[in-house]
């Protein structure tokens, strides 16, 4: 059954990682390495079942292939998940055990931060492998990728506003931001720097209060965010928030945010297009973080990172152009852009087989 699933999804390799003493139950999924080694974050989540964890890592790793391809990176797509509660189950042993499994893949998978993981956790992983990004600056890393993801999201927003309204005046429009976590809060800051009107909600009431007190946002309830009169809906937390129930309630013309897998299904993406909404595909918009950490592989340079993230504007604009040209929804246009690049480069390259650890930009994990 598992091989049938992998055949359908196109995955090259899935590694199940277990260390009883450390309490580690993790899965590493490598989807595609035609463009280069697979890069994707490590997520820690209290999955209800092992099957749920498998489904998530397969879906997320495939998404990274498309994200990295559209971003123009010489990287493939991978992802890892640890089954556990990030509020209770973290330990040095857990992350160092995970780091050893990453190291055993010899560079075919490079890990990074994702949901439930922070730079301190990456420090422990780094002690066992150099195939890790998002580590502290003292190790040649770039630290927390959230500000870069938010900046990239702003570039996608500018392209979306231009496609919809013919201008890039961020402060002229209002925004419903769903999620005020690391990335969401940074995005809110950027919107408020343009004096934009921002509605905000989050499951964490303290974050909402901070957005209101520190940044002058308007607080709304978790479910009320879909009923605001905002011009732009910006999902910046969980996926699937654009679904059959919420879509009919949205009053916006533009959907552009930092969350992954924003569309509940392809059918919803078709309906978004039919309604004439300007949806900026999530993996094209939120690529700023992965663009930033990708530079750690060859030696990090912040100026180069900021310049690279500005290309998100061109990428999103190109997606809107393809969608209009081919009369297809933007989510399909983004996939088409990614698949064309993978196909073209795939004729030149074989799957990435890995490298020796010491050659990975000169870093050593221990």
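Every number in this text was worked out from the coordinates using simple rules, so none of it is lab data. Model, not experiment: these values are computed from the prediction. Every residue, glycine as well, gets a Cβ built from its backbone with ideal geometry; the counts of neighbours run over all protein chains shown.
Just to be sure I understand: with springs between alpha-carbon atoms less than 10 Å apart, which residue in 172, 67, 20 has the highest mean-square fluctuation in the Gaussian network model of the chain?
Checking each option, the largest mean-square fluctuation is seen for 20.
For labels at residue 219 and residue 327 in the simple 7 Å Cα→Cβ model, what's the distance in nm?
4.9
Over what distance in Å are the Cα centres of the stretch 101-123 and the stretch 284-299 separated?
14
Need one word for the stretch 153-228: rounded, prolate or oblate. Basis is the Cα gyration tensor (sqrt eigenvalues a ≥ b ≥ c); a/c below 1.5 gives rounded, then a/b vs b/c decides.
Working: a/c = 2.04, a/b = 1.71, b/c = 1.19.
The shape class here is prolate.
Rounded, prolate or oblate: which fits the stretch 41-115, taking a ≥ b ≥ c as square roots of the Cα gyration tensor eigenvalues, rounded meaning a/c under 1.5, else prolate when a/b beats b/c?
Working: a/c = 2.19, a/b = 1.40, b/c = 1.56.
Oblate, since a/c reaches 1.5 and b/c is not below a/b.
In the set (i) 21, 44, 30, 5, 0; (ii) 28, 56, 15, 0; (iii) 31, 59, 10, which value of P(r) over Cα pairs in 20 Å bins from 0, in percent was calculated from the structure you see?
Answer by label: (iii).
So, in Å, what gap is there between the alpha-carbon centers of the stretch 197-217 and the stretch 1-78?
33
Going by a ≥ b ≥ c, the root eigenvalues of the Cα gyration tensor, does the stretch 146-328 fall in the rounded group (a/c under 1.5), the prolate group (a/b larger than b/c) or the oblate group? Intermediate results must be reported in sequence, preceding the final value.
Values: a/c = 1.55, a/b = 1.07, b/c = 1.45.
Verdict is oblate for the stretch 146-328.
List 296, 50, 123 from most exposed to least, where exposure is judged by having the fewest other Cβ atoms within 10 Å.
Working: 296 24, 50 12, 123 18.
The most exposed by this proxy come first: 50, 123, 296.
From Cα pairs below 8 angstrom and at least 6 apart in sequence, can you work out the relative contact order of the stretch 146-328, rounded to a whole percent? Mind showing how you got there, number by number?
Numbers: 364 pairs, mean separation 47.5, N = 183.
Computed over the stretch 146-328, the figure is 26 percent.
Of 61, 273, 130, which is the most mobile in a GNM of the chain whose springs link Cα atoms less than 10 angstrom apart?
Judging by the Gaussian network model, the answer is 273.
Compute the relative contact order of the chain as a whole-number percentage, counting only Cα pairs closer than 8 Å that sit 6 or more residues apart in sequence.
Working: 819 pairs, mean separation 67.8, N = 366.
With pairs under 8 Å counted, the relative contact order is 19 percent.
Determine the percent antiparallel among the DSSP beta bridges restricted to the chain, to the nearest 5. Mind showing how you got there, number by number?
Details: 13 of 39 bridges.
That works out to approximately 35 percent antiparallel.
Springs between alpha-carbon atoms under 10 Å, Gaussian network over the chain: tell me which of 207, 35, 348 tops the mean-square fluctuations.
Greatest mean-square fluctuation among the candidates belongs to 348.
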